[in-house]
Amino acid sequence: DAEPSSGINVASISASLSGGGSVTSSGYDPGTGLVTLELTGLDEGSNTITLNVSDVAGNGPTTEALNFNVDTMPPVIDDLSWSIPEGDWIGVDNATLTVTVTDSGIGVDLSSAVVGDSGTGTVGILAYDSVTHVLSIPLSDLGEGEHTITLDIDDAVGNHAVQQSVTFGVDLTDPVIDETTWAGPWAHEPGHWTNNASPTITVNAYDPGFGVLPPTGSGIDASTASATLTLNGGSILLPGTVNYASGVITVALSGLADGEYGLEVEIDDNVGHSATPKSVVFHVDVTGPAFANPYPANQYETNNRGLAPHIDITDAGGAGVDPDSIAWTMTRQSVPVVGTLTPPWDGLTSTFTADADLASDGYYDLAVSANDLVGNPSSYPPATWFFLLDTTKPELDSVVLDLYRRIPDVAGGVIYTPLKKPEIRVDFHDPALGSGFNGAVCDTPGTFDVYVYADADMTVPVDGTLDRDATPSNNSAPWGGKWVPTPNLPDGDYFVKVVITDDAGNIRNPE
């Protein structure tokens with residue numbers, strides 16, 4: 001109370017609050033002039049207190065009001081707003097982690113923030129945007145593996161927020177495709193040969209550090225598995241599917257043609273790191289061996305009892321012929337001929353040799369089969385390969401002059417003719433199952449010749465012309481022709497010789 005003063009009337013001191021709560025006076029100190037008020041039950045936020053004081057002389061009351069704010073609420077860290085979600089993985093060693101921090105009162109005190117990291121790394125200078133309420137936490141030099149980031153922060157009056165945390169992983173290593181684990185339905189090596197036109201091919205893939213405790217890898221992203229295919233060096237559309245499960249990339253292909261294939265696979269981990277692509281070369285061979293150049297030719301006619309059939313067996317573009325699979329049969333009227341086969345000594349030709357010379361004339365059926373090295377079977381077309389063994393000589397039926405007289409009592413049955421140009425008719429045939437004279441399939445077609453000599457030693461030939469009949473159309477048909485001398489023959493003895501050869505090469509003894 002200003003001098004001259006009657007002093008403060010302590011009993012006059014009163015105070016009131018604008019909002020809820022209560023106020024009581026706990027005294028007045030004349031020495032300091034301080035009025036002490038005790039406030040309880042204040043409202044959160046803005047409050048106004050009004051003080052009334054009179055002096056002893058009754059002057060007053062003097063009134064003063066004070067506006068102030070009450071903030072007892074701590075900041076709130078939004079645990080659902082972490083920019084790296086709980087349990088997620090990142091693929092870099094530096095990142096800015098953000099989180100929303102709000103305060104309903106005076107505001108956040110950035111200088112009070114404390115960030116912890118359970119892993120290795122560096123926390124940079126924090127920043128807070130009071131408009132968006134986003135707190136930014138720069139992180140660098142993060143080590144692989146699990147990181148738990150904790151955040152503590154106060155508001156400007158010291159209210160402490162409930163600590164929040166987020167755990168995420170750091171994966172800095174590329175996934176791996178293990179090219180030593182390629183697998184498929186390989187039936188022959190080297191070269192990964194298969195006779196499966198729809199093979200399923202697998203290879204293992206993994207993300208280092210995944211599946212261990214604590215994990216340092218994010219794991220494989222199955223959706224990124226992919227594959228490309230080439231055929232004989234040229235790219236083709238992938239005829240199949242690619243998937244990843246349980247550590248294995250599986251490529252299921254279908255409808256592949258014969259040829260050399262190159263398969264390349266790729267895959268990423270869950271943070272986008274790509275494995276080094278790996279490839280495998282394999283071969284598809286679904287075609288059996290091929291046969292060519294059979295000897296003898298089908299329906300061949302021969303008099304060779306030691307005939308040894310042979311045939312070329314190839315597997316062009318394939319895995320190759322399996323020499324141990326080659327099988328031959330030679331049968332005569334369904335009775336097998338015992339023999340020995342020779343594998344292709346030149347990688348091409350296989351031969352069958354009877355253990356003994358063939359004993360019986362007639363037709364012999366041949367059959368041969370072989371597999372390639374991946375198991376594809378193949379046979380020479382059945383019932384299309386046979387030969388005729390004919391070792392029987394043709395038979396002369398008659399030698400007839402167009403006009404003659406036989407003198408029976410003359411030794412040798414000499415024939416007389418009054419003609420100076422007699423026609424000599426020759427007829428003959430090949431006994432049953434013979435090769436005949438139709439010249440169908442043989443080394444040299446059957447033929448015959450008529451020779452006439454003017455001396456018994458047959459050293460002086462007579463010129464003449466042989467007019468053969470039309471060539472027979474089948475093996476059993478007879479044959480013949482006419483011989484006529486070119487000059488007029490003088491009187492005397494003449495000697496006729498007939499030589500006949502059938503298609504198999506059998507020659508009748510001249511007579």
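The values are calculated or read from the model by the stated rules, or taken from the named source; none is laboratory data. Note that the structure is predicted; figures quoted are calculated from it, not measured. Neighbour counts run over all protein chains shown; Cβ positions are idealised from the backbone, glycine included.
Report yes if T471 is surrounded by fewer than 16 Cβ atoms within 10 Å (Cβ to Cβ) and modelled with pLDDT of 95 or more, otherwise no.
Values: surrounded by fewer than 16 Cβ atoms within 10 Å (Cβ to Cβ): yes; modelled with pLDDT of 95 or more: yes.
Considered against the rule, which asks whether it is surrounded by fewer than 16 Cβ atoms within 10 Å (Cβ to Cβ) and modelled with pLDDT of 95 or more, T471 comes out as yes.
Filter region 273-313 down to the residues that are within 24 Å of G255 (Cα to Cα) and either within 19 Å of the chain's Cα centre (by Cα) or surrounded by 19 or more Cβ atoms within 10 Å (Cβ to Cβ) (or both) and list them by number.
Listed by number, the residues that qualify are K278, S279, V280, V281, F282, H283, V284, D285, V286, T287, G288, P289.
Inspect region 11-18 for any residue being hydrophobic (A, V, I, L, M, F, W, C), farther than 30 Å from S104 by Cα and not in a helix (DSSP H, G or I) and give the result as yes or no.
Going through region 11-18, the residues hydrophobic (A, V, I, L, M, F, W, C) turn out to be 11, 13, 15, 17.
After this cut, where a residue has to be farther than 30 Å from S104 by Cα as well, the list is 11, 13.
In the following step, the residues that additionally are not in a helix (DSSP H, G or I) were identified as 13.
Within region 11-18 (the criterion being hydrophobic (A, V, I, L, M, F, W, C), farther than 30 Å from S104 by Cα and not in a helix (DSSP H, G or I)), the answer is yes, since at least one residue qualifies.
Has region 438-446 got at least one residue that is over 60 Å from the mean Cα position of the chain (by Cα), touching a residue at least 12 places away in the same chain (Cβ under 8 Å) and closer than 30 Å to L389 by Cβ? Walk me through how you get there before you give the answer.
Our first condition is that a residue be over 60 Å from the mean Cα position of the chain (by Cα); within region 438-446, this holds for none.
No, the conditions are met nowhere in region 438-446.
For region 485-510, which residues satisfy the criterion of being of a type outside the set (A, V, I, L, M) and not in a loop (DSSP other than H, G, I, E, B)? Lay out the reasoning, then the answer.
The first filter runs over region 485-510 and keeps only residues of a type outside the set (A, V, I, L, M), leaving 485-488, 490-495, 497, 501-503, 505-506, 508-510.
P485, F495, K497, T501 - these are the residues of region 485-510 that are of a type outside the set (A, V, I, L, M) and not in a loop (DSSP other than H, G, I, E, B).
Here's the yes/no breakdown for (1) under 30 Å from S104 (Cα atoms); (2) among the polar types (S, T, N, Q); (3) at pLDDT 95 or above:
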residue: D155; (1), (2), (3): yes, no, yes
residue: N159; (1), (2), (3): yes, yes, yes
residue: V162; (1), (2), (3): yes, no, yes
residue: S165; (1), (2), (3): yes, yes, yes
residue: D171; (1), (2), (3): no, no, yes
residue: W182; (1), (2), (3): no, no, yes
residue: H188; (1), (2), (3): no, no, yes
residue: S198; (1), (2), (3): no, yes, yes
residue: V203; (1), (2), (3): no, no, yes
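Being assigned by TED's automatic domain parsing to the domain that holds W82 and in a loop (DSSP other than H, G, I, E, B) narrows it down to one residue among G209, G158; which is it?
On the way: G209 fails: assigned by TED's automatic domain parsing to the domain that holds W82.
Among G209, G158, only G158 is assigned by TED's automatic domain parsing to the domain that holds W82 and in a loop (DSSP other than H, G, I, E, B).
Which residues, taken from region 68-88, are crowded, with 19+ Cβ neighbours inside 10 Å and among the aromatic types (F, W, Y)?
Step one: filter region 68-88 for residues crowded, with 19+ Cβ neighbours inside 10 Å, giving 75, 77, 82, 84.
The answer is W82, and nothing else.
Working only within region 212-231, note down all residues that are in contact (Cβ under 8 Å) with a residue 24 or more places away in the chain and part of a loop (DSSP other than H, G, I, E, B).
Matches in region 212-231: P214, P215, T216, G217, S218, G219.
Please find, among V271, V265, the residue that is touching a residue at least 40 places away in the same chain (Cβ under 8 Å) and either over 28 Å from V92 (Cβ atoms) or in a strand (DSSP E or B) (or both).
Details: V271 fails: either over 28 Å from V92 (Cβ atoms) or in a strand (DSSP E or B) (or both).
Matching residue, one of V271, V265: V265.
Could you tell me which residue of region 332-352 is surrounded by the most Cβ atoms within 10 Å (Cβ to Cβ), considering only residues that are in a strand (DSSP E or B) and either out of contact with any Phe, Trp or Tyr (no Cβ under 7 Å at 6 or more places or on another chain) or in contact (Cβ under 8 Å) with a residue 60 or more places away in the chain (or both)? Talk me through it step by step, then tell me what you get.
The initial filter retains those residues of region 332-352 that are in a strand (DSSP E or B), namely 332, 335-336, 339-342, 349-352.
Retained after the next criterion (residues that are either out of contact with any Phe, Trp or Tyr (no Cβ under 7 Å at 6 or more places or on another chain) or in contact (Cβ under 8 Å) with a residue 60 or more places away in the chain (or both)): 335-336, 340, 342, 349-351.
Working: V335: 8, P336: 10, T340: 11, T342: 15, T349: 17, S350: 23, T351: 17.
Among them, the one singled out is S350.
Does A383 qualify as being on the phi > 0 side of the Ramachandran plot and either crowded, with 19+ Cβ neighbours inside 10 Å or not assigned by TED's automatic domain parsing to the domain that holds V426 (or both)? Reasoning before the result, please.
Values: on the phi > 0 side of the Ramachandran plot: yes; either crowded, with 19+ Cβ neighbours inside 10 Å or not assigned by TED's automatic domain parsing to the domain that holds V426 (or both): yes.
So A383 passes the test.
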